[in-house]
Amino acid sequence: MRFIMGSETEINGYDEIPYGVASSQPIDINVYNSNLPLSSNGVCVNNNGDDHSTILSSPVTAVTETDCVSYVPVCINENDVIEGAKQILIAIRSHWDLKFVQFKKFTDGITNKLIGCFYNPPTFCCNKIACTNIANGYPDVDDLNNVVLIRVYGNKTDLLIDREKEIENIKLLHSYQFAPSLYAIFKNGLAYEFVPGVTLNPDNVLQPELWSLVAKRMAEMHRIVDAKDASKPMPPMLLKKMERFFDLVPSRFSKAQLHKRLEGTFLPVERMRQEFAQLYKRLETLNSPVVFSHNDLLLGNIVYTQDLQKVTFIDYEYADYNYQAFDIGNHFAEFAGVDTVDYNRYPNREFQLKWLRVYLENYLLKTDITVDEIECLYVQVNQFALAAHFFWTIWSLVQAEYSTIDFDYAEYAFLRYQEYLAKKDEFLALNYQN
């Protein structure tokens, strides 16, 4: 998702909210088996349509994600997310005294809103747990079970994102230890596990000890994760998702000033659709492998845990089978940042060749990677980076119409499309002959 848990220029930015005031009323919750599909209201159903939910008269104290995930029938008002977060905690952490919960609003999201809920009971207050870790921007906790992240979906983002598929992806990827645990689902969001660490930024992503971890982790995900029968090739999501985005771009934006700003470059959208169709036809000839991909690996979606020397990918809203080169090319394009975009940060050829060698060693599970293998992937990645620019251009146009987040989506659309045009001829001129 286009959410930066910690800003790409400022680590884990947040607004601090005072300790909560306890609420008295418990919330009935549904508990459903995580192996069964969800109906539209979040209740688990089998293939015969039978309701398998169990209505509880009081909140459960713990939910094991391997067996079930709780559904909380609450819709959080995006203008009062702290109060909504309390309602979720009453349901899924009934043993917490809300007087000792500290709420942090992470401030850098451009799709959703994220709240960190840190439980600091008084027995620990004399210890470091009551203190704020300035380097990371959140309180130190001895037990990560005392932290819950609550994500509130942005307005109408369900037009762009298949939320049931997102939940399936989180559970799938958690089974492979690629994603945090999912604690609960509510009407307009999720509650899930906190991953300690710092998010990457345009500076630290260039450090060899960090980018090599990212290359290895992405290679492992592409090689290992398999959501379906491996004997049946899965179609890449790119074309279908782009068609969905194009269909959502209005012929006339609801705000007259916004429409005037965008129409000369982007409307009628059919012209953009034809441009992408020509690009896609070219990219198909590259024969990039189709793998299970993150598809939104901006720097803020990578958390580095120094003690473990590990990176964790977060926010799998767009995860799906897709072209390998798209996932890598999109990641390289995100080196430019989001808050302050600078495409001079796009990694140069020397950096990319080193990165791609580490990736291929871990994807192919061999050390004798040839120059030809690296050069082939280099061409694929840079040409698919063009598709990534196009993808987020059209996404931005949809968000400009519907989102209530305070972000200039129109400007971001211009930035991505201008970079696509600036690099189009150069990248499409790259070629590789085996």
Self-check item: Quarter of Cα convex hull surface for the stretch 395-434, i.e. mean projection, nm²
Solution: 3.8
Quiz item: Any idea what the alpha-carbon Rg over 2.2 N^0.38 Å comes to for the stretch 282-326?
Solution: 1.42
Quiz item: So, in nm, how far is label ALA422 from label GLN274 when the simple model puts each one 7 Å beyond its Cα toward the Cβ?
Solution: 2.7
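Note down the net charge around THR370, summing +1 for each Lys or Arg and -1 for each Asp or Glu among other residues with Cβ under 12 Å from its Cβ. Spell out each step's value before the answer.
On the way: positive: ARG357, LYS366; negative: GLU361, ASP368, ASP372, GLU373, GLU375.
With Lys, Arg at +1 and Asp, Glu at -1, the net is -3.
Normalised by the number of residues in the stretch 300-434, what is the relative contact order in percent for Cα pairs under 8 Å and 6+ residues apart?
Working: 115 pairs, mean separation 29.7, N = 135.
This gives 22 percent for the stretch 300-434.
Using 0.36 nm per residue of separation minus the Cα-Cα distance, give me the extension gain between GLN207 and ASP247 in nm, one decimal.
Length difference between fully extended and current span is 10.4 nm.
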Exercise. With a 1.4 Å probe and every protein chain left in place, tell me how much accessible area THR265 has, in Å² to the nearest 10.
Key: 50
Self-check item: Cα gyration tensor, the stretch 282-434 - rounded (a/c under 1.5), prolate or oblate
Solution: oblate
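Give me the 1.4 Å probe accessible area per residue for the stretch 163-278, excluding ligands and nucleic acids, in Å².
Heavy-atom SASA per residue in the stretch 163-278 reads 48 Å².
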Quiz item: Percent of accessible area on the stretch 189-273 owned by carbon and sulfur, 1.4 Å probe?
Solution: 52
Self-check item: Largest to smallest accessible area among LYS99, LYS241, LYS281 [probe 1.4 Å]
Solution: LYS281, LYS99, LYS241
Practice problem: Based on the mean of other Cβ atoms within 10 Å per residue, sort peptides 73-81, 358-366 so the most packed one is first. | Solution: 358-366, 73-81
Practice problem: Indicate the gyration tensor shape class of the stretch 238-289 (rounded, prolate or oblate), computed on the Cα atoms with a ≥ b ≥ c the square roots of the eigenvalues: a/c under 1.5 is rounded; otherwise a/b larger than b/c is prolate and the rest oblate. | Solution: prolate
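Quote the FRET efficiency, to the nearest 0.05, computed for ASP143 versus TYR176 with a Förster distance R0 of 30 Å and r equal to the Cβ-Cβ distance.
0.75
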Quiz item: If Lys and Arg each add +1 and Asp and Glu each add -1, what is the summed charge of the other residues whose beta carbon sits under 11 Å from the beta carbon of LEU297?
Solution: -3
Quiz item: Expressed as a rounded percentage, what relative contact order does the stretch 144-277 have, with Cα pairs under 8 Å and six or more residues apart?
Solution: 20
Self-check item: Accessible carbon and sulfur surface of the stretch 285-434 relative to its total accessible area, %, 1.4 Å
Solution: 46
Self-check item: Point-to-point label distance, THR404-GLN433, nm (Cα→Cβ direction, 7 Å offset)
Solution: 5.9
Quiz item: Compactness ratio of the stretch 175-304: Cα Rg over 2.2 N^0.38 Å, N = residue count?
Solution: 1.39
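The values are calculated or read from the model by the stated rules, or taken from the named source; none is laboratory data. These figures come from a predicted structure and were not determined experimentally. Please note: Cβ atoms are built from the backbone with ideal geometry, for glycine as well, and neighbour counts cover all protein chains shown. Keep in mind that these areas ignore ligands, DNA and RNA; they rest on the heavy atoms of the full protein, side chains included. Shrake-Rupley method; radii C 1.70, N 1.55, O 1.52, S 1.80 Å.
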